[in-house]
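Scroll down for the structure; my scribbles are underneath it.
Taken together, the values in this text are just the output of simple stated rules run on the coordinates, not laboratory data. Here the structure is a predicted model, which is why all the values come from computation and not from measurement. Glycine also receives a Cβ, built like all others from the backbone with ideal geometry; neighbour counts cover every protein chain displayed.
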Amino acid sequence: MPQIINVNTRAPYKIYITDDELIPREIDFSKYTKAAIISDDNVWALYGEAVKASLKKRGLLVNRFVFPHGEASKNLNTVSRIYEFLDKGGITRSDLIVALGGGVTGDISGFAASTYLRGIDFLQMPTSLLAMVDSSIGGKTGVDIQSGKNLVGAFKQPIAVIINPKMLETLPYSYYIDGLGEIIKYAMIRSASLFEKLEAHTPSTLREILPEIISECVNIKREIVENDEFEKGERMLLNFGHTLGHAIEKLCNFTGISHGVAVALGMELISVAPMFSGEMAADDFTRLHNLLDKYGYFNIQTPEFDVTEILKAALNDKKRRGNDISIIICEKIGHGKIKKMPVSEFLNYSNNNLNE
Ligand code: GLY
């Protein structure tokens, strides 16, 4: 039996956590004629044919669009090719897009689904840890443009999310560590008990309780998204580590460092100033640092950057509103907080402390 989590957004949907069936029998496909699976070459090779067969068994006509894996594909050019594919395949509003893959696949498929024919339904089948705990839930879809990551997009909730933790068995270790970055983020902003569990494990022993960890993270995200679907306030907490993390990714031209690793480093960097100013408990900063160290984030080879460069890049972040920037800090483990400040203050606040 799948674990079913209801998400009460404007268009409500269910998240199924299960490894019993690829496509849970509880999902009703009766209103759809065709399914267009969108996947990258790596994921298609692993799961494509099996998912296709399962959807066919449910009475759908299935075709597929497979693109080269990686963040470099998350752009308007790929989306444009998807529109052509959907059009040639005769996909209409009574059909369904199935996003089979990690965050890149979910984001571009969701964006195509939100715009093709002014919106058609889509199903999320996340295959990476990061997509399972974060990007497949909550309806953020989009693509990168030259000036930054996820700068073009739309909110579009899927009709359902199917999380199959068994799929993580084929996930390369670097992708696993990538997803753990977001899991540490959830613990930092909302759950001291989750943080304690992470402290009690190593990345390898954590695999034994991964379905439970995934479910905890999904529930944290569900609650935050239900309270603030369109990111007017509380949802910004999910950006802990992201303002500087995105800046690091941008300085790397979105290659050479993964999102979750950049977020992990971003969580530490953004916490230095609050730790020095007393806004964050010093012991908790040490625990965050030690956990990131234990999970190996400081041993990952990344290009070297000057802190000022990272801060300047962060000012182009889409979370900046006018002359203010909202950053997320944690007063203590499990308690994230939004801190809004003038841009000029942000540079001094973060830079002085970071250079100590
Ligand atoms: N990944 C952050 C959010 O969905 O709001």
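Taking the number of Cβ atoms within 10 Å of each Cβ as an exposure proxy, the fewest-first ranking of L311, L238 is L311, L238.
Spin-label pair S193-E208: with each label point 7 Å from Cα along the Cα-Cβ axis, the two points sit 2.0 nm from one another. Between the Cα long axis of helix 103-115 and the first principal axis of the chain there is an angle of about 60°, rounded to the nearest 10. With the charge dipole of the chain set up from +1 on Lys and Arg Cβ and -1 on Asp and Glu Cβ about the Cα centre, the Cα lying farthest toward the positive end among the listed residues Q157, N299, L315 is that of Q157. Under a 5 Å amide H cut-off, with hydrogens placed 1.01 Å from N, V152 pairs with V143, I145 among residues at least 5 apart or on other chains. Taking only Cα atoms, what is the 0 to 90° angle, nearest 10, from helix 242-251's long axis to the longest principal axis of the chain? So the helix axis and the longest Cα principal axis differ by about 80 degrees. Here is the size of the chain from its Cα atoms: Rg then Dmax, 19.9, 63 Å.
Charged neighbours of K332, selected by a Cβ distance under 9 Å, balance to -3 (K, R count +1; D, E count -1). Note on L117 and F29: the extension gain reaches 29.7 nm, defined as 0.36 nm multiplied by sequence separation minus the Cα-Cα distance. Listed by chain and number, the aspartates and glutamates whose alpha-carbon sits under 15 Å from that of K34, ignoring those within fewer than 8 places in the same chain, are D87, D95, D121. For A160, the residues whose modelled amide H falls within less than 5 Å of its own, excluding neighbours fewer than 5 places apart on the same chain, are Q124.
Label-to-label distance, N299 versus D20, with points set 7 angstrom from Cα along the beta-carbon direction: 4.0 nm. Across segment 59-76, rounded Karplus estimates of 3J(HN,Hα) from the backbone phi angles (6.51 cos²θ - 1.76 cosθ + 1.60, θ = phi - 60°) give x, 9, 7, 10, 10, 9, 10, 10, 10, x, 5, x, 4, 4, 7, 7, 9, 5 Hz, Gly and Pro being marked x. Amide H contacts for R64 (H built 1.01 Å from N in the peptide plane; partners 5 or more residues away or on another chain; cut-off under 5 Å): I37.
Each principal axis of the Cα atoms in segment 1-73 has its own extent, and those three values, largest first, are 33, 28, 25 angstrom. What the phi angles of segment 257-270 give under the Karplus curve with 6.51, -1.76 and 1.60, with θ = phi - 60°, is a coupling list of 8, 8, 4, x, 5, 4, 5, 4, 5, x, 5, 5, 4, 6 Hz, glycine and proline written as x.
3J(HN,Hα) along segment 127-141, derived from phi through the Karplus expression 6.51 cos²θ - 1.76 cosθ + 1.60 where θ = phi - 60°, amounts to 10, 9, 4, 4, 5, 5, 8, 9, 5, 7, 10, x, x, 7, 10 Hz, with x in place of Gly and Pro.
For S271, what charge total do you get from the other residues with a beta carbon under 10 Å from its beta carbon, if Lys and Arg give +1 and Asp and Glu give -1? Net charge in that neighbourhood comes out at -3. Largest first and in whole Å, the equivalent-ellipsoid semi-axes of segment 85-148 read 20, 14, 10, each the square root of five times a Cα gyration tensor eigenvalue. Dividing the mean sequence gap of close Cα pairs (under 8 Å, 6+ apart) by how many residues the chain holds gives a relative contact order of 14 percent.
Could you state the angle between the C-alpha long axis of helix 210-227 and the longest principal axis of the C-alpha atoms of the chain, as a value from 0 to 90 degrees rounded to the nearest 10? With both axes taken from Cα atoms, the answer is about 80 degrees. Computed over neighbours whose Cβ is under 13 Å from that of V62, the net charge equals +4, Lys and Arg +1, Asp and Glu -1.
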